[in-house]
Amino acid sequence: MNKEIDRREFLKLTSIGGVVFISGLSGQPALSLPFGKTKDFFFVQLSDTHWGFEGAKINPDAKGTLIKAVKEVNSLEQKPDFIVFTGDLTQTTDETNLRKARMKEFKQIVGELDTKVVHFMPGEHDASLDRGETYKDFFGETHYTFDHKGVHFITIDNVSDPTGSIGEEQLEWLKTDLAQQKPDSNIVVLTHRPLFDLYPQWDWATRDGAKAIDLLMPFQNVTVFYGHIHQENHHMTGHIAHHSAKSLMLPMPLAGSTPKRQPIPWSTSEPYKGMGFRNVLSQSKLDQYQLSEYPIKEDAIV
Amino acid sequence: MKNRTGITAIMVASVFGMTCLGCLSGDGAKIIKVSAKRFEYSPQQITLKKGTPVVFQFTTEDRTHGFNVPSMNLRADIVPGKITELKLTPQQTGEFDFFCDIFCGSGHEGMNGKIIVTE
Ligand SMILES: [Cu+2]
Ligand SMILES: [Fe+2]
């Protein structure tokens with residue numbers, strides 16, 4: 001996508017109900033910034049689809065929400081170069097056969113995405129009970145890197161270890177990979193759990209996440225996209241921005257806002273409230289990312 | 001397996017028996033037994049007195065679970081076939097949530113409880 005992104009189109013899109021958020025150090029309002037001419041691209045982040053979840057009070061359209069999201073991503077006018085799923089693709093189960101069936105169904109549904117480059121990673125629901133074995137059969141490695149138009153993407157697995165840790169071996173791997181990057185390289189980290197202590201009381205943390213942040217700290221342009229907490233959250237650890245995505249199955253309340261960590265019940269007056277996905281615009285010239293949030297629309301009839 | 005657990009329990013009990021009978025540990029702290037299973041702790045609410053030392057003794061009925069009280073900086077792995085001990089002398093009154101931080105299945109997110117510290 002080497003053409004200039006249409007600014008009016010972007011404005012139109014974001015004004016439909018999306019939230020625009022700018023990461024990085026700039027305090028300037030998002031839309032006052034000029035768009036770069038080269039290497040700009042979009043990628044879509046979807047998260048916590050929990051395929052196989054059942055609970056009519058939380059999501060009476062448990063079998064339809066993901067399908068709607070796929071349709072909506074396909075209808076985006078700002079076409080993404082690729083799509084990432086930041087974990088909890090499926091709802092966990094003790095039965096390996098059921099896990100396999102869920103992963104197979106999930107794969108079939110997201111196979112309908114027009115964008116053919118899709119990067120997956122596990123959440124604890126996918127991988128914590130069998131250390132990622134079944135997941136790997138379906139989706140491949142749980143941590144890996146890829147490069148896209150000058151941005152280095154690193155996927156970190158903090159769920160195959162049921163303690164919610166990255167582990168020394170993977171941290172070594174991360175260190176080796178980062179050793180090949182320059183201080184001003186554009187680095188995007190994709191992971192499931194927050195790397196920082198967002199709210200450890202609800203297990204919204206990674207036990208050794210601080211070690212990963214320490215390794216990333218020397219790099220000037222690092223942004224982290226993650227899932228797990230089933231809502232948007234924007235947080236800075238030093239100059240590193242962390243953005244969590246909404247879930248496509250069950251929204252969660254603000255950290256500590258309810259006595260128990262329980263999903264927000266379905267709202268009949270506002271169906272799909274709290275669910276959605278995001279389109280991320282990567283702007284090479286600004287070393288920044290603009291996030292547009294998309295709700296799930298009821299009329300995305302499938 | 002059952003036998004081994006039994007022996008461990010007896011051994012632990014006899015060690016404590018040397019200095020104190022029944023409810024107190026070697027150094028005089030009150031013993032609080034907490035048993036874990038998917039997806040609950042028993043008891044779910046533990047009331048302690050500020051300044052009074054206690055020893056938690058954790059066991060699990062099924063698989064490995066965690067016990068984490070972030071606001072007290074206290075955590076343990078609860079491993080099958082073993083009694084895990086944790087010492088605590090609460091310094092502050094209030095309510096402190098604990099939860100399982102080792103993923104244990106569908107229902108894991110609801111596995112939690114509360115420590116209440118009174119004057
Ligand atoms: Cu998760
Ligand atoms: Fe999740």
- line: Those residues of the range A:74-90 which are of a type outside the set (Gly, Ala, Ser) and more than 16 Å from A:GLN108 (Cβ to Cβ) amount to A:LEU76, A:GLU77, A:GLN78, A:LYS79, A:PRO80, A:ASP81, A:PHE82, A:VAL84, A:THR86, A:ASP88
message: Conditions first: (1) more than 14 Å from chain B (Cβ to nearest Cβ); (2) under 22 Å from A:VAL117 (Cβ atoms). A:TYR135 passes all but one, so which condition is the exception?
response: (1)
- prompt: Using beta carbons and a limit of 7 Å, which pairs, at least six apart or on different chains, have the first residue in the range A:249-271 and at pLDDT 95 or above and the second one among the acidic types (Asp, Glu)?
  reply: A:MET249/A:ASP48
message: Need the failing condition index for A:LYS57 against (1) surrounded by fewer than 17 Cβ atoms within 10 Å (Cβ to Cβ); (2) over 30 Å from A:SER269 (Cα atoms); (3) of a type in the set (D, E, K, R), just the number.
response: (2)
Flag if A:ASP214 is open to solvent by 60 Å² or more (accessible area, probe 1.4 Å) and modelled with pLDDT of 95 or more: yes
message: Can you find a residue that is acidic (Asp, Glu), farther than 23 Å from B:ASP27 by Cβ, facing chain A (nearest Cβ under 8 Å) and open to solvent by 50 Å² or more (accessible area, probe 1.4 Å) anywhere in the range B:82-96?
response: no
Count of the range A:179-192 residues which are in contact with a strand residue (DSSP E or B) (Cβ under 8 Å, 6 or more places away or on another chain) and open to solvent by 10 Å² or more (accessible area, probe 1.4 Å): 4
- request: Output the number of the condition that A:MET236 fails; it satisfies all remaining conditions of (1) free of Cβ contacts under 8 Å to residues at least 12 places away in the same chain; (2) part of a strand (DSSP E or B); (3) open to solvent by less than 40 Å² (accessible area, probe 1.4 Å).
  value: (3)
query: How many of the residues making up the range B:63-81 are open to solvent by 50 Å² or more (accessible area, probe 1.4 Å) and in a strand (DSSP E or B)?
result: 2
- prompt: How many residues are touching a Lys or Arg at 6+ places or on another chain (Cβ under 9 Å) and closer than 22 Å to A:PHE85 by Cα if we restrict to the range A:208-219?
  reply: 1
message: Looking only at the range B:97-111, filter to residues that are touching a residue at least 60 places away in the same chain (Cβ under 8 Å) and open to solvent by 10 Å² or more (accessible area, probe 1.4 Å); which one of those is farthest from the other protein chains (Cβ to nearest Cβ)?
response: B:GLY107
- line: Checked the range B:45-81 for anything aliphatic (A, V, I, L, M) and more than 14 Å from chain A (Cβ to nearest Cβ); matches are B:ILE46, B:LEU48, B:VAL54, B:VAL55
message: Within the range A:47-71, take every residue that is within 16 Å of ligand 2 (Cβ to nearest atom) and part of a helix (DSSP H, G or I) and give me the one that is nearest to A:GLU105 (Cα to Cα).
response: A:LEU66
field: Any hit, the range A:168-187, residues being out of contact with any Gly (no Cβ under 8 Å at 6 or more places or on another chain) and either on the phi > 0 side of the Ramachandran plot or within 16 Å of ligand 1 (Cβ to nearest atom) (or both)
entry: no
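The values are calculated or read from the model by the stated rules, or taken from the named source; none is laboratory data. Keep in mind that what you see is a predicted model, and the values were worked out from it rather than measured. Heads up, the Cβs are rebuilt from the backbone with ideal geometry, glycines too, and the neighbour counts pull from every protein chain shown. What goes into the accessible areas is simple: the full protein's heavy atoms, side chains included, and nothing from ligands, DNA or RNA. Shrake-Rupley method; radii C 1.70, N 1.55, O 1.52, S 1.80 Å.
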